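Nothing in this text is a laboratory measurement; each read-out follows from the coordinates by a stated rule. Predicted model only: the values in this text are computed from it and were never measured. Ideal geometry is used to build each Cβ from the backbone, glycine not excepted, and the neighbour counts take in all protein chains shown.
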Amino acid sequence: MKRILVIEDDGEVRHLLQVLLTRAGYEVVEAEDGKAGIHAYRTQPCDLVITDLIMPRKEGLETIVDLRREFPDLRVIAISGGSRAGQVDYLNAAKLCGASHIFRKPFDNQELLASVRDLLEQDQP
Amino acid sequence: MSENRQTVLTIIVALGLFWVVDAVVDSVFFGAGSLQEALFHPNHYEQYFRALVSLLLVLALVFGLTARRGRSRTREAILRQETQYRILVEAAPDFILIHRDNRILFASGKTLVFFGADTLAGLAGTPVESLIQTQDLARVRERLATVIARGEAAPLTEIGITLPGGSERDVEVSTTLIDFEGQPALLTFFRDISEKVRTRRDLVASRERLQLALEAARDGAWDWDIPSGRMVYNDTWAAMLGYQLEEITSDISTWQDLVHPDDRNRAWSLVQSHFRGETPSYEVEVRMRHKTGQYLWILDRGRIVERDSSGRPLRMAGTHRNITERKAAEVALEIRNRIAEALLIESGSRAYEEVLDIILRETGSPAGLLGTLNDKGDLQLWHRAPATLAVNACEVDRPVLPSDALPAALAQVVGEARSQTGREDLRLTPESPPLSNWLAVPVTLRGQVKGLIVVANRQADYSGEEQALLESLAQFIAPILQSHLAGESKELQLRQAQKMEALGALAGGIAHDFNNILQAIMGFTTLAHEDAPEGSQIASDLERVLKATHRGQNLVQRILLFSRREEQERQAMNIVEVLKEAVDLLTPSLPSTIEIRTHFDTDLALVYGDPSQINQAILNLATNAYHAMESGGGVLSLSLAVSAAGTPHPDAPGFLRNRDLVVLEVSDSGRGISPEDMARLFDPFFTTKEVGKGTGLGLSIVHGIVTAHGGDVVIRSEVDQGTTVKLLLPVHKGPVKADPLPAKPLVAAELDEDYTVLFVDDEEDIVTLGKAMLEKTGLTVAIATDSQVALEYVREDPQRFDLVVTDLTMPRTNGLQLAELIAPLAPNLPVLLITGMTEEVVAMSALGSGNIKGIIRKPFGSEALQSKVDSILRGGGEGRT
């Protein structure tokens, strides 16, 4: 069973992703910020990471950069509800940092699942 | 040897046996009838005694022989082992010491040689601590205590030792706890690394020397013999203060005389605390009197180079550096900040009194004035006339000096728009006390003299630097004085930008949180909908929830559009085409009671920016116009004109005055805007429309879009007459294709090659990378790995660069400070700030104010950097094409 790490500080959204992905037949590991996410990935490597971008303690871009430095083959989907500071489009930045797909919140369940499937199928020979 | 011993032993044993047998034979055969008789017969006592001794002797010998054999075997094994250990110990590359309770017990042969001892006896018993240099003693004690307490080996460390002969060495030591002769002892391995350490120190020292040599070239030097007070100064030291070396006395008193009296005590107390060893060196910024009488700012640094045996300082040496320019920039910036603060906090004439007060205090002037000139040339003072300058006998609020009463010298300053100093008395009125020794600076805006700043009545002459400072302050307050003349409230102008910024951030924050909420609602509703039976009531209810969620999503997108100011897809576009598209969109959606009129002066007007955003701005304005005319109908006119730089558009703000502008007008004949609403027009969420008709974001979005395009919005309105909104946008002057304009916007053209960018980062790798990235686009790139050096470059030739790209985090002067220091040197030079992730908030606060025109995050890709630089050079490179 493919394992997906969900990093998201908003409890409701995290829960939504957990339910959505579990129903779709994936194992879900949850983390509430980038720091916890990196720790979780080190203890239990996953096939895919879905991360929010604006989070307390360790935000998403930094998390993506740090994770990809350590695990270069890592695949990431970035999600974000907007840009709090206004000046930078975090989602475009996430792409530059190596996210394979980006989603603006609120995203569509099916579109997200399609992109998850798409990324995980790249593993199949 | 052992064989000989065995032979001797055998002989002795044989003799002993002989004696026993002899005794027995004697007793049995020659004296007594039986052995018993022979044994106890008195005549045989002697023989008996002899036999007993012999027996004992034999027994002793046999026992001795056996024991000796065993011992000899153990001894051989030990000897073998000892030889092996000795080989190991002596062959080991490290020195070896065994010690206990601070006394040396054992040292390897090599170690003995190292310590200059001939034998172990020469070294044994020596206190270990006597070898260790004082500065490392505490550390070593602690390490050894830990080794003893924990039984663990102490890891490698470097310490300094002093050999019994007195020479000093650096060694690398490790210590472990062992058993030595049945008791715990410490085994220490060490290695002489003196060479390595010396090389390392030399390297550091040579770097420091190089640094010193580089600096010394422009620094003055001093060398002070403290007991005698004699001071040796060099040529540069003297020249810096305007003297020949021969002109000054080689004495500490020269320095004391030239230091500004207000700085002398501070500097002296820093010298004293360095004397007492409280500071590793002496460093102070002081004012020093130049031969001309004016004061320079000097960075005075030094260090004691010699002390006597009791620690009293004997000699101190150091340098002088002229930091006047840097200080001047700092001071100017600081004064500007204070003036801005005064203008924001105080209102009415109090604000100008405060500003004048700051200027008088900074220049040490007892008198002065600050005023604006009206069309007739009358000087209106924006502060109450101070008693010393009383224009009339009684003080009046905001006195006016008629143009014909203006003293000739001041009239000349106004006429020539040039600063002037004078010693002759100036009287504003026949009764008022004279201004003597004055400096008058014109306040000019768009080449016209709008006001006057005068400082006066100081003893010392006003210097060129002070004139420059006042001129820069005049430049700073010019637009504010101007807005007073135009009757506009300065608070409105100054605070509007901040208000937009704050509300933008707030709206962005709300949007972010709201999207999370929407996400949960939308996501779970979708899940529930999937579970609901098809065609059921639940399914249909959930569809309504989803619909409502989508509406919420759209609203949040609008809020985000307002708050987001990230770089969009920017390109050169023909704004006429954009406007035509908008009209096509509008025509079918407006009722027939509203007539649309269009008037375009030209078919081609290029603007660099995002066509979809401009389109959005036009639609927002048209929607507002429609709402204003909804009840009775009317005319909606859209027009476009180009205003050339030569004849500035009357509504153009200062920063657009020398630009060719596209003026896009949207007018209606509707109900107009009341004066009280006028002030709040751009406030986000401010609306006069009924519920459901407007969010209060339309104009805020227009304002945001136009400002992001380097333009401005001007609104004119009269109640019941209608409203005109003008968007002023700078014309793009990139290369244009000669063929008819394509319907689609032009692709961004290559940058012209004559742009020069200064790239600053303290990390050399990043500088190299940035240079390579930018040179690819045909830019000329200069680099600096030190912000001070970068500042020097700009100071040397303020016109040389078109953009400064700088890292935020750098030692000494960071990117923000650098930008601030650059501003007065090259007011039109834009700065792009490179930030790390966590510094962004700091950087954000700097954006939009001053010369920082963009922020790029680390790590940046080549495309991101190029496009940022490209957009700043196109949008902000005033006067360049």
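Counting Lys and Arg as +1 and Asp and Glu as -1, what is the net charge of the other residues whose Cβ lies under 15 Å from the Cβ of residue B:306?
Counting the neighbours of residue B:306, the net charge comes to +2.
Rounded to whole Å and ordered largest first, report the semi-axes of the equivalent ellipsoid of the stretch B:118-157 derived from its Cα gyration tensor (root of 5λ).
So the three semi-axes of the stretch B:118-157 are 22, 14, 9 Å.
Taking the simple approach of a point 7 Å from Cα along Cα-to-Cβ for both residue B:162 and residue B:149, what is their distance in nm?
2.8
Average projected area of the Cα convex hull of the stretch B:273-335, in nm²?
5.7
Once you average over the residues of A:101-109, how many Cβ atoms of partner chains fall within 10 Å of each Cβ?
If you average over the peptide's residues, the count of other-chain Cβ atoms is 6.
How are the Cα pair distances of the stretch B:165-208 distributed, in percent, across 5 Å bins from 0?
Once binned at 5 Å, the Cα pair distances of the stretch B:165-208 give 6, 18, 14, 16, 14, 12, 8, 5, 4, 2, 1.
Which of the peptides B:704-713, B:430-439, B:86-95 is most tightly packed, and how do the rest follow, judged by the mean count of other Cβ atoms within 10 Å per residue?
For the peptides B:704-713, B:430-439, B:86-95, the packing ranking is B:704-713, B:430-439, B:86-95.
Mind checking B:525-538 for the average number of partner chain beta-carbons within 10 Å of each residue's beta-carbon?
1
Residues with beta-carbon under 9 Å from that of residue B:320, excluding residue B:320: net charge, scoring Lys, Arg +1 and Asp, Glu -1?
0
If you take every residue apart from residue B:255 with its C-beta less than 13 Å away from the C-beta of residue B:255, what net charge results, scoring Lys and Arg +1 and Asp and Glu -1?
Net charge in that neighbourhood comes out at -1.
Taking 25 Å as the cut-off for C-alpha to C-alpha distance, list the pairs among A:95/B:733; A:58/B:771; B:733/B:868; A:95/B:547; B:733/B:776 that go past it.
Too far apart for the 25 Å limit: A:95/B:733; A:58/B:771; A:95/B:547.
What's the ranking of B:103-116, B:276-289 by average number of surrounding C-beta atoms within 10 Å, highest first?
B:103-116, B:276-289
Once the cut-off is 19 Å, how many percent of the Cα-Cα pairs in the stretch B:56-110 end up in the long-distance tail?
Considering the stretch B:56-110, 56 percent of its Cα-Cα pairs are separated by more than 19 Å.
Please give the direction-averaged projected area of the C-alpha convex hull for chain A, in square nanometres with one decimal.
Mean shadow area of the hull around the Cα atoms is 7.1 nm².
Residue B:799 versus residue B:420, label points 7 Å from Cα toward the beta carbon: distance in nm?
Between residue B:799 and residue B:420, the label points sit 2.8 nm apart.
Which of the peptides B:472-480, B:224-232, B:642-650 is most tightly packed, and how do the rest follow, going by the mean number of other Cβ atoms within 10 Å of each residue?
For the peptides B:472-480, B:224-232, B:642-650, the packing ranking is B:472-480, B:224-232, B:642-650.
Take the Cα atoms of the stretch B:101-227, find their three principal axes, and give me the spread along each one in whole Å, biggest first.
Each principal axis gives a Cα extent; for the stretch B:101-227 these are 69, 34, 32 Å.
Report, in whole Å, the centroid distance computed from the Cα atoms of the stretch B:128-175 and the stretch B:766-834.
50
Could you compute how fast the stretch A:12-59 diffuses translationally, taking Rh as the Kirkwood radius over C-alpha pairs and applying Stokes-Einstein at 10 °C with viscosity 1.306 mPa s? Give it in µm² per second.
It comes out at roughly 140 µm²/s.
Once each part is reduced to its C-alpha centroid, what is the distance from the stretch A:1-68 to the stretch B:285-330 in angstrom?
A separation of 58 Å, based on Cα centres.
So what are the ³J(HN,Hα) numbers for the stretch B:633-638, from phi and the Karplus equation (6.51, -1.76, 1.60; θ = phi - 60°), rounded to whole Hz, Gly and Pro as x?
Values per residue, Gly and Pro as x: x, x, 10, 10, 10, 10 Hz.
Mind pulling the per residue volume of the convex hull built on the Cα atoms of the stretch B:151-304? Å³ is fine.
About 191 Å³ per residue, rounded to a whole number.
Each residue of the stretch B:251-259 in turn: what ³J(HN,Hα) in whole Hz from Karplus with 6.51, -1.76, 1.60 and θ = phi - 60°, glycine and Pro shown as x?
8, 4, 5, 4, 4, 4, 5, 7, 5
Mind pulling the per residue volume of the convex hull built on the Cα atoms of the stretch B:239-368? Å³ is fine.
Hull volume over Cα atoms, normalised by residue count, gives 136 Å³.
Which whole number gives the average count of other chain Cβ atoms within 10 Å of the Cβ atoms across peptide A:6-13?
Taking all residues of A:6-13 together, the mean is 3.
Obtain the radius of gyration and the Kirkwood radius of the stretch B:228-276 from its C-alpha atoms and give Rg over Rh.
Checking Rg against Rh, the ratio lands at 1.00.
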